[in-house]
Amino acid sequence: MQNLPISEIEISKATQAPVYSPILCASLDYFNIDTKAFIDHFKGSFVTMSWDQYDVKRKQLQILIEHQVQVDQLNFKEYYGNDDVTFTEFSKTNDIPKDVCKLCESIMPWRRRSVCSYKLTLSESVYVEREYPEAFVQNLTDDDIRSWPRSFDQTEKTLVDNDLFYSFLKRVALYAQKVTPHIRITEMSMTAHFMSVKAKEGLPGNNSPEGAHEDGADFIVSALVINRQNITGGESQVLEKLENGSMINLFNRELQPGEFLFQADTGEEKHYGNDLWHYVTPFYVERPGEESWRDIIGLDLVIHQSKT
């Protein structure tokens with residue numbers, strides 16, 4: 001499957017297995033959006049975004065667990081949500097060996113990030129209204145660190161509060177309604193994640209360090225790729241989790257600038273039959289000595305009325 005668009009219909013035929021849960025891999029042209037104008041508008045913006053320190057802290061927690069260092073969860077959660085506390089200061093209140101401290105302090109951020117959230121009202125037209133939530137929380141179990149509140153920089157208004165970006169949000173909303181025949185969507189929220197991930201020689205870029213996962217939304221755009229600079233890899237995957245807990249790969253593609261991947265995310269197996277998860281493989285420096293980045297926009301879509 002090379003020619004876009006590709007939906008669950010083509011994937012079902014290719015895999016010779018029933019795939020009913022919504023999937024769409026397409027380019028912006030599919031939504032009648034000028035791909036070049038869209039990419040040109042966003043391409044230079046990622047370098048201005050702040051580094052994601054939550055990635056660093058999540059990696060530090062992983063190191064502590066790997067070295068069997070006992071840390072009170074509430075104590076780490078407080079550190080996780082406080083930008084004013086360094087790991088050195090945190091370590092002074094916890095019994096952490098010096099060699100493990102050194103490992104944790106050596107972790108550097110690798111992802112730049114900003115977010116923006118919107119309420120969309122669907123009637124005869126789609127109306128978009130920006131919201132400013134205090135923190136971002138994923139609807140996941142309490143033992144999943146991604147469920148802890150995170151506060152990111154808001155994406156600059158001049159970048160996203162315009163007809164070009166709104167046209168993408170509206171088209172995604174209308175497509176979500178199209179593939180959701182069991183309810184009439186009148187209101188949904190969307191959170192857009194602008195992410196720029198760096199790869200270094202000997203250290204691949206990784207946008208999904210947690211592995212295959214769900215985001216806790218009704219639908220997602222796991223990635224709309226804006227830029228691939230001097231990299232190889234970074235393959236987006238749609239997987240199905242079977243009843244026995246195993247995963248099968250339904251679809252994979254190395255998305256190019258202007259291409260996106262939309263899919264159902266959480267609870268869709270109740271309505272469609274397939275429990276979809278997603279993942280993106282690590283990517284690597286193509287030409288040593290040059291900067292290597294993968295810049296994307298991701299979307300989480302949450303429908304606000306009850307899903308019966």
Cα-based Rg then Dmax for segment 1-140, in Å, read 22.1, 62
Go ahead and set up a Gaussian network model of the chain, Cα springs under 10 Å, then flag whichever of Trp293, Trp148, Trp51 fluctuates most. Trp148
For segment 111-128, in residue order, the Karplus 3J(HN,Hα) values (coefficients 6.51, -1.76, 1.60; θ = phi - 60°; whole Hz; Gly and Pro = x) are 9, 8, 7, 8, 9, 8, 10, 9, 9, 10, 10, 10, 9, 5, 10, 10, 10, 10
Student exercise, the chain dipole from Lys, Arg, Asp, Glu Cβ charges, in Debye to nearest 20: 420
Using amide H atoms built in the peptide plane, which far-off residues or other-chain residues are under 5 Å from Lys200 H to H? Gly205
Lysines with Cα under 26 Å of Lys119, excluding same-chain neighbours fewer than 8 positions away: Lys43, Lys157, Lys170, Lys178, Lys270, Lys307
Any idea which of Phe152, Val280, Ala135 is furthest toward the positive side of the dipole for the chain, if Lys and Arg beta-carbons carry +1 and Asp and Glu beta-carbons -1? Val280
Of the residues Glu243, Glu187, Glu290, which exhibits the maximal mean-square fluctuation in a Gaussian network model of the chain defined by a 10 Å Cα contact cut-off? Glu243
Write down Rg/Rh for the chain, rounded to two decimals, with Rg from the C-alpha atoms and Rh from the Kirkwood relation over Cα pairs. 0.97
GNM result for the chain, Cα springs below 10 Å: residue of Asp215, Asp163, Asp72 fluctuating most strongly: Asp72
Have a look at Ser91, Gly81, Ser106 and report the one farthest towards the positive end of the charge dipole of segment 62-164, computed about the Cα centre with Cβ charges (Lys/Arg +1, Asp/Glu -1). Ser106
Step by step: find N for segment 259-303, compute 2.2 N^0.38 Å, then divide the Cα radius of gyration by it. What's the final number? 1.70
How high is the relative contact order of segment 53-105, in percent, counting Cα pairs under 8 Å that sit 6 or more residues apart? 45
Charges only on Cβ, +1 for Lys and Arg, -1 for Asp and Glu: so what's the dipole of segment 244-286 about the Cα centre, in debye to the nearest 20? 80
For segment 53-105, radius of gyration divided by Kirkwood radius, i.e. Rg to Rh on alpha-carbons: 0.90
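Readers should treat all values here as calculations from the given coordinates under stated rules, not as data from a laboratory. Remember, predicted model here, so these are calculated numbers, not experimental data. We place every Cβ from the backbone using ideal geometry, glycine too, and count neighbours over all the protein chains shown.
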